[in-house]
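A short write-up of the structure that comes next.
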Amino acid sequence: AIHSLKLSRNHVDWHSVDEVYLYSDATTSKIARTVTQKLGFSKASSSGTRLHRGYVEEATLEDKPPQTSHIVFVVHGIGQKMDQGRIIKNTAMMRDTARKVEEKYFSNLATHVEFLPVEWRSKLTLDGDTVDSITPDKVRGLRDMLNSSAMDIMYYTSPLYRDELVKGLQQELNRLYSLFCSRNPEFEEKGGKVSIVSHSLGCVITYDIMTGWNPVRLYEQLLQKEEEELEETWMSYEERRLLEELYVTKQRLREIEERLHELKASTISKPPVLKFKVENFFCMGSPLAVFLALRGIRPGSSGSQDHILPRTICNRLLNIFHPTDPVAYRLEPLILKHYSNISPVQIHWYNTANPLPYEHMKPSFLNPSKEPTSAPEPESASAAPSPTTSPVMVRRHYGESITNIGKASILGAASIGKGLGGMLFSRFGRSSATPQTMETGKDGPEGDEKKATTVGTPPLPRSSSGFLEPTMELEHRIDFELREGLVESRYWSAVTSHTAYWSSLDIALFLLTFMYKQEQEETDKSNSDTL
């Protein structure tokens with residue numbers, strides 16, 4: 001050979017300019033080459049694979065990849081310190097899954113959606129190695145795993161390190177966007193769009209970046225509330241005089257701070273937090289609802305997304321979760337309270353033929369008016385108050401027939417049993433009943449009907465088909481739930497579901513459906529304007 005190149009499991013020999021062969025370095029291949037060469041055959045003809053330069057077909061203009069019209073930043077949650085390359089692998093899985101969906105359902109479109117990983121954790125210094133130095137040596141592997149994962153939540157709730165996490169993600173998003181635009185100069189010119197897919201704690205950090213939320217605001221609100229409460233309490237003349245003087249001083253201090261901020265803003269133009277407008281914000285396995293609830297967000301009377309995320313900041317908010325994901329929570333009940341008793345939108349399976357568009361799916365109640373069990377009629381009637389007076393019932397999913405049979409057996413035993421045993425069976429058989437409905441033995445069915453009309457708020461407007469009246473609906477649905485498998489174990493799913501979003505074909509189809517639908521609507525609108 002004129003030249004040789006050693007690879008990991010192979011080597012390449014150049015016998016001449018156009019004679020290049022690839023050989024395997026496996027033991028069996030070496031033995032075969034030795035035997036054939038002793039028999040008089042050349043090394044190249046015996047076991048080598050000839051390599052050819054060039055392409056079989058000439059390239060054409062149509063061979064170039066489609067133009068990227070939409071980029072999706074994929075933001076990771078906790079645990080990235082444990083495996084720094086994980087978000088790159090997860091994004092690659094999501095990208096490959098999206099390619100399969102594009103080829104099957106969107107092959108006729110000339111545009112393209114690109115997924116880009118955002119790894120923000122490895123560049124942060126935080127406390128250095130202080131936490132590692134105070135970690136005991138016993139059960140070290142488990143402790144290191146917790147330090148590399150759950151500790152991120154504690155860092156984010158810490159007033160000392162929270163800003164570092166927020167700035168780390170914000171700077172990485174802006175850096176990647178600037179880098180992409182420098183390599184694709186036509187992206188901004190042709191109105192390219194940007195969406196964000198966040199997972200777990202990444203949803204909370206991304207939300208705070210977009211909205212500019214800061215704990216200082218919450219602290220100021222608490223101080224104002226304390227001032228209002230102090231005004232209502234009795235105090236002496238001297239205390240009240242000093243308190244009024246304190247209020248005047250605080251008000252004067254706020255005015256000076258506002259004037260100072262105005263002067264700074266007039267001399268220095270503050271750049272936007274993000275260099276792009278977020279078109280869609282997809283949350284996967286998100287605890288965002290818990291953080292918002294602990295910050296004092298309460299349901300309102302308007303069905304608009306603006307209650308938690310203004311449309312001027314982000315056009316559409318979508319919350320995706322698996323029903324057994326222990327980290328995920330719903331967002332819709334934070335906008336309209338009665339949506340806690342309305343089922344999330346079920347995400348279509350990847351292979352569903354002619355699925356109903358999501359915008360045409362009507363909201364349905366979680367607790368139907370009658371349970372299909374063998375309970376006596378007075379009990380089943382009393383167990384169906386209005387959605388606002390009853391707690392949320394556990395939804396029945398696919399593969400629950402055995403559970404329903406067991407429930408029916410318990411209810412049947414409750415109807416036969418008497419005394420304390422019967423009461424216990426009845427209580428556990430109807431776990432979703434309220435304390436008022438448990439007293440059926442005292443008041444009877446009529447008493448239950450009376451309580452259902454007097455306790456709580458008036459019943460929601462409900463049509464005969466079991467759907468919610470349009471006046472009480474959200475402007476857009478936000479909560480979307482993956483379907484459970486037919487033979488899926490819920491206990492095992494609770495362990496695996498939080499990290500199972502990346503390779504889901506159902507989620508890939510869901511994401512592309514919303515992004516391509518928006519582009520199609522804008523194309524149709526521009527065509528109609530031209531006409």
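In the context of the full set of protein chains, residues of the stretch 115-194 present 57 Å² of accessible surface per residue (probe radius 1.4 Å, heavy atoms only). Sites listed here are GluC sites (Glu not before Pro) in the stretch 55-100 whose DSSP assignment is loop and whose Cβ has at most 12 other Cβ atoms within 10 Å: E57, E58. Counting only heavy atoms of the protein chains and using a 1.4 Å probe, S200 has close to 10 Å² of accessible surface.
If you roll a 1.4 Å probe over the stretch 3-51 with all protein chains in place, what percent of the accessible area is carbon or sulfur? Carbon and sulfur atoms account for 59 percent of the accessible area of the stretch 3-51.
If you add up the charges near I153, with Lys and Arg at +1 and Asp and Glu at -1, over every other residue whose beta carbon is less than 13 angstrom from its beta carbon, what do you get? Result for the neighbourhood of I153: +2. One Cα centroid belongs to the stretch 7-47, the other to the stretch 122-194; the line between them spans 49 Å. Roughly to the nearest percent, how much of the accessible area of the stretch 238-340 is carbon and sulfur, given a 1.4 Å probe? After summing per-atom areas, the C and S share lands at 59 percent.
Taking every protein chain into account, the accessible area of the stretch 3-51 amounts to 69 square angstrom per residue (probe 1.4 Å). Measuring between alpha carbons in the structure, the pairs from K81/K123; K277/K362; K167/K275 lying more than 18 angstrom apart are K277/K362. Sites listed here are trypsin sites (Lys or Arg not before Pro) in the stretch 3-71 whose DSSP assignment is loop and whose Cβ has at most 12 other Cβ atoms within 10 Å: R9, R53.
The values are calculated or read from the model by the stated rules, or taken from the named source; none is laboratory data. Because the structure is a prediction, the values reported are computed rather than measured. For neighbour counting, all protein chains shown are included, and Cβ atoms are generated from backbone atoms with ideal geometry for every residue, glycine included. Please note that ligands, DNA and RNA were not included when accessible areas were found on the heavy atoms of the full protein model with its side chains. Shrake-Rupley method; radii C 1.70, N 1.55, O 1.52, S 1.80 Å.
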